[in-house]
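The values are calculated or read from the model by the stated rules, or taken from the named source; none is laboratory data. Keep in mind it's a predicted model, so treat the numbers as computed, not measured. When we count neighbours, we look across all protein chains shown, and the Cβ atoms used for this are built from the backbone with ideal geometry, even at glycine. Remember, those area values only see protein heavy atoms, side chains included, never the ligands or the DNA or RNA. Shrake-Rupley method; radii C 1.70, N 1.55, O 1.52, S 1.80 Å.
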Amino acid sequence: MSARDAILNRLRHRRDGALTAPVSDFSAVTEKQWSDSEKLDLFQQKIESVHAEVYRVSKDNWLEKLKELLVEKQIKNLLTPQKSPVGREVRAYLADGAVDLPVYDQPIEGWKAELFSGVDAAITDVRSAIAETGTLVLWPDNDQPRLMTLVPPIHFAVVDASQLKNTFHEVIVSEDWVSEGMPTNALLISGPSKTADIEQTLAYGVHGPKELVVLVRQ
């Protein structure tokens, strides 16, 4: 049933001259279901359309690809989580010291200048991703604070293909945000930062990372 038909149907079924309360209808989003390969193709198409980079890697070689990209982009230091599996794997693989691996282990007041001017890139994991819109869903915490994804010029995000959801509605249901409520610090990222001036000229990287690099592990 279309939205127009639903409105007209409620008008036809008034009780005692008053409209009945509308019933939430999520069919428009719950009917959007794609296969695993279709979800991945759609996610990549959507997020690359807004200037993100996507690399499909295996769980066995993703660190090799990361190291290749660090060399290619001339990254000398990479802000890395201490506790997350992604952070531990990166720190073990890059233990040779070729790239410095600072951590966010103190209040921002103690190292604001270094974070804003001395960090080349950061890497984080993600909570899930949305195929329909090409969006990453993050839930920042003490190990991976929000500034890790907002301040460094380059943000590397690591997502497993199994984390891809069809729609934002599916994310809400899978996270149980329907009953628990959506966390206030949930972060949705759909590409590097962008803004437009009064003439609608679009510019990237003005108030956040200039580059978003997504490693999709299959």
Query raised in the report: Within the stretch 130-181, can you find the residues that are of a type in the set (Phe, Trp, Tyr), under 30 Å from Leu94 (Cβ atoms) and surrounded by fewer than 18 Cβ atoms within 10 Å (Cβ to Cβ)?
Result: Trp139
Query raised in the report: Would the stretch 145-164 turn up any residue that is free of Cβ contacts under 8 Å to residues at least 40 places away in the same chain and in contact with a Ser or Thr (Cβ under 6 Å, 6 or more places away or on another chain)?
Result: yes
Query raised in the report: Looking at Ile189, is it touching an Asp or Glu at 6+ places or on another chain (Cβ under 7 Å) and surrounded by 12 or more Cβ atoms within 10 Å (Cβ to Cβ)?
Result: no
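Scan the stretch 97-127 residue by residue and report those that are on the phi < 0 side of the Ramachandran plot and small (Gly, Ala, Ser).
Selection gives Ala98, Gly110, Ala113, Ser117, Gly118, Ala121, Ala122.
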Requested in this report: Could you tell me which numbered condition Glu64 fails, if it satisfies all but one of (1) closer than 26 Å to Thr135 by Cβ; (2) at pLDDT 95 or above; (3) acidic (Asp, Glu)?
Outcome: (1)
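Okay, residues lined up against (1) within 19 Å of the chain's Cα centre (by Cα); (2) within 16 Å of Asp125 (Cα to Cα); (3) of a type in the set (A, V, I, L, M); (4) part of a loop (DSSP other than H, G, I, E, B):
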| residue | (1), (2), (3), (4) |
| --- | --- |
| Tyr55 | yes, yes, no, no |
| Leu63 | no, yes, yes, no |
| Leu66 | yes, yes, yes, no |
| Leu70 | no, no, yes, no |
| Gln74 | no, no, no, yes |
| Val86 | yes, yes, yes, no |
| Glu89 | no, yes, no, no |
| Ala98 | no, no, yes, yes |
| Tyr104 | no, yes, no, yes |
Report summary line: Pairing a residue in the stretch 92-110 that is at pLDDT 90 or above with any residue that is among the hydroxyl-bearing types (Ser, Thr, Tyr), where Cβ atoms lie under 8 Å and the two sit 6 or more apart in sequence or on different chains, gives Leu101/Thr80; Pro102/Thr80; Val103/Thr80
Report task. Residues being more than 22 Å from the chain's Cα centre (by Cα) and not aliphatic (A, V, I, L, M): count how many of those fall in the stretch 106-146. Result -> 9
**Report entry** Those residues of the stretch 70-129 which are of a type in the set (Phe, Trp, Tyr), more than 22 Å from Leu212 (Cβ to Cβ) and open to solvent by 40 Å² or more (accessible area, probe 1.4 Å), in sequence order
**Finding:** none
